[in-house]
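All remarks here apply to the structure that follows.
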Ligand SMILES: Cc1ncc(COP(=O)(O)O)c(C=O)c1O
């Protein structure tokens, strides 16, 4: 990991939750050069940058095929279609991961069903998913939430034995590597987002679907471009336009080699917050995972028995926070009536107690210390 900038923090300065400008500044010359290269090349969609990015991404994520698309939500929807989900099928997922899977599933005409999460990791497990499966379940989507990989081994076995597809949502876990392999290489198919705040972030929207299966990759390529098998020949239903442009592909190619060191810097931030909280009633949700490559510190999330008070104290000290996520999917206005009988006690408790602290690779030592000082006083 590169040395962290010392920086200066005046007493009145704010510690931001994230600051994308710093990430840009750190590689401004390179990013400006690659963008200028695309502009002058005169090829803007599905060109050489895109093709090279797909190849480099697949190699980095430990899969045979990466199919780049316009954003992570499209990636989830296309991943679900690619495993044979059809309108009316059920998709089992977590309700504490920001409703992206739910949105994608509903767009494809699928019915979300929600499993509760493990109280320690806030992730799905085979034990929480198993009881929710029904004969109509076609897929399980497991989100590697906040940068922590779920334990996929038992989930893979459960899905295989019940004939259900396993989709990994790696939007928050780019570069995480678990005991059985990288995030995105363990289920039938995986979706990833390169939204600017992600560990590997574009300068706009971008995403990809990952798979080892060449036929599925072919299907995904048809789905992302009008259902075409070749130019102007429509063979596939559910086609649409969801392509990654050359500018974003070139930016992501420039950033990909830095992913591992950025992830290390993020883990370090969370480890320091975890040490500052100590053994009290407050804890970093994934504080015990900060030494593991299966964790990449996407969001530094703590739990607190008095979240709103803590948030107020942090804010008063100039430390910006957020909540990921305040409303579980089954309590969202669009779904609340249909899911009135759904009870997810761990998910609901977590929604009331999670609090996200500043975490990005360019945080300075002084900023981290300043957050730690406040955490020690909570
Ligand atoms: C877990 C998760 N899944 C999916 C998405 C959707 O990605 P996008 O915003 O690129 O559509 C996001 C983030 O935005 C996410 O955090």
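List of remarks:
- Qualifying position, being surrounded by fewer than 23 Cβ atoms within 10 Å (Cβ to Cβ) and out of contact with any strand residue (DSSP E or B) (no Cβ under 7 Å at 6 or more places or on another chain), among 260, 294, 250: 260
- Output for the stretch 272-286, where each listed residue is crowded, with 19+ Cβ neighbours inside 10 Å and assigned to a helix (DSSP H, G or I): 272, 273, 274, 276, 277
So that you can scan it fast, the table gives a plain yes or no per residue for (1) away from the ligand (no atom under 16 Å from the Cβ); (2) over 15 Å from residue 57 (Cβ atoms); (3) in a loop (DSSP other than H, G, I, E, B); (4) over 20 Å from the mean Cα position of the chain (by Cα):
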site: 184; (1), (2), (3), (4): no, no, yes, no
site: 200; (1), (2), (3), (4): no, no, yes, no
site: 210; (1), (2), (3), (4): no, no, no, no
site: 266; (1), (2), (3), (4): no, yes, no, no
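So that you can scan it fast, the table gives a plain yes or no per residue for (1) assigned to a strand (DSSP E or B); (2) within 24 Å of residue 266 (Cβ to Cβ); (3) under 25 Å from the mean Cα position of the chain (by Cα):
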site: 301; (1), (2), (3): yes, yes, yes
site: 334; (1), (2), (3): no, no, yes
site: 346; (1), (2), (3): no, no, yes
site: 349; (1), (2), (3): no, no, yes
site: 361; (1), (2), (3): no, yes, yes
site: 366; (1), (2), (3): no, yes, no
site: 369; (1), (2), (3): no, yes, no
site: 373; (1), (2), (3): no, yes, no
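- Those helices (runs of 4 or more DSSP H) lying entirely in the stretch 87-166 with at least 1 residues surrounded by fewer than 24 Cβ atoms within 10 Å (Cβ to Cβ), away from the ligand (no atom under 16 Å from the Cβ) and more than 18 Å from the chain's Cα centre (by Cα): 126-129, 152-162
None of the figures in this text is laboratory data; all of them are computed from the coordinates on show. On a predicted model such as this, the values are computed, not experimentally measured, just so you know. Note: ideal-geometry Cβ built from the backbone for every residue, glycine included; neighbour counts use all protein chains shown.
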